[in-house]
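Input: a single structure, listed below in structure tokens.
All of the numbers you see were taken from the coordinates with simple rules; none came from a lab. Since the model is a prediction, treat every value here as computed from it, not as a measurement. Cβ atoms come from the backbone with ideal geometry, glycine included; neighbour counts cover every protein chain shown.
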Amino acid sequence: METLKQFLLNKKLLDEPTISRIEQHSIKTGKSFTSLIYEEPAIETSRLKKAYIQSFKKKTFYEIAKEKGVVPFELLQNLETEFGGIPPNLGTLLVERKHINEEEYARTLAIELSLDYVDLTHYQVDDALFNSIDLVLMRKYWFIPDKKFDREIVLIMANPGNVDEIEELEVRLGLP
């Protein structure tokens, strides 16, 4: 996680000399750096709040596909026009229409969900862990176990965005 100083610099809310001046003032006065930021006339409180809120906003599949160049921007615009907006199932639609393959979809979806993408082409299954879990569960929820720690298990799932299935699976496995 970035520090407040890095955040202010990255969002171009303050420059390095201003931050240094505020840090020095903080040392001299004993006031916290954070409280001095709110008092700083060089930064508008509304811009600071907006930047802070934006930092929690996740990018959508559409934004990631556009930013990473997964598909041409013109194609995304055409789909937006065709559907009267961005279709909620954009990724699956792109796969169905053969604009992207399933791997490109999975990689982009992993970015959207802030998950690691695991290429199973050369993946080595942990036999002991695999055999410790009911095969019926693995088939029902489309997953394979990757790693296990004390009270936590890492799964490789076909549909990691299905929160209901994940919660149900946690209960069945007895693990968070």
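Assorted remarks:
- This ranking places Val136, Val118 by how few other beta-carbon atoms lie within 10 Å of each, fewest first, which gives Val136, Val118.
- Between Leu93 and Ala110, the contour length at 0.36 nm per residue exceeds the Cα-Cα span by 4.4 nm.
- Segment Glu102-Ser35, extension gain: residue separation times 0.36 nm, minus the distance between their alpha carbons: 19.2 nm
- Between Val171 and Asn131, the modelled label-to-label distance comes to 3.1 nm, taking each label 7 Å out from Cα in the direction of the beta carbon.
- Taking 19 Å as the straight-line reach from the Cα of Lys66, the aspartates and glutamates in range (excluding those fewer than 8 positions away in the same chain) are Glu74, Glu80, Glu82, Glu96, Glu102, Glu103, Glu104, Glu112.
- Subtracting the Cα-Cα distance of Ala158 and Phe56 from 0.36 nm times their residue separation leaves 34.1 nm of extension gain.
- Fewest-first ranking of Lys98, Lys147, Lys59, using other Cβ atoms within 10 Å as the exposure measure: Lys98, Lys147, Lys59
- Principal-axis tilt of helix 163-173 within the chain, Cα atoms, nearest 10 degrees: 60 degrees
- Calculated FRET value between Ser46 and Thr18, using beta carbons and R₀ = 30 Å, to 0.05: 0.95
- Cα gyration tensor, segment 9-116 - rounded (a/c under 1.5), prolate or oblate: prolate
- Between helix 102-112 and the chain: long-axis angle, C-alpha atoms, 0 to 90°, nearest 10: 30 degrees
- Cross-link pairs Lys50/Lys147; Lys50/Lys148; Lys59/Lys98; Lys5/Lys147; Lys58/Lys98; Lys98/Lys140 - those with Cα-Cα distance over 30 Å: Lys50/Lys147; Lys50/Lys148; Lys5/Lys147
- Folded to 0 to 90 degrees: helix 16-29 orientation relative to the chain principal axis, Cα: 70 degrees
- Projected label points at Lys11 and Lys28, each 7 Å from Cα along the beta carbon direction, are separated by 2.6 nanometres.
- Segment 101-134 residues near the modelled Lys147 label - backbone nitrogen below 15 Å, point 7 Å along Cα→Cβ: 115-119, 124-126, 129
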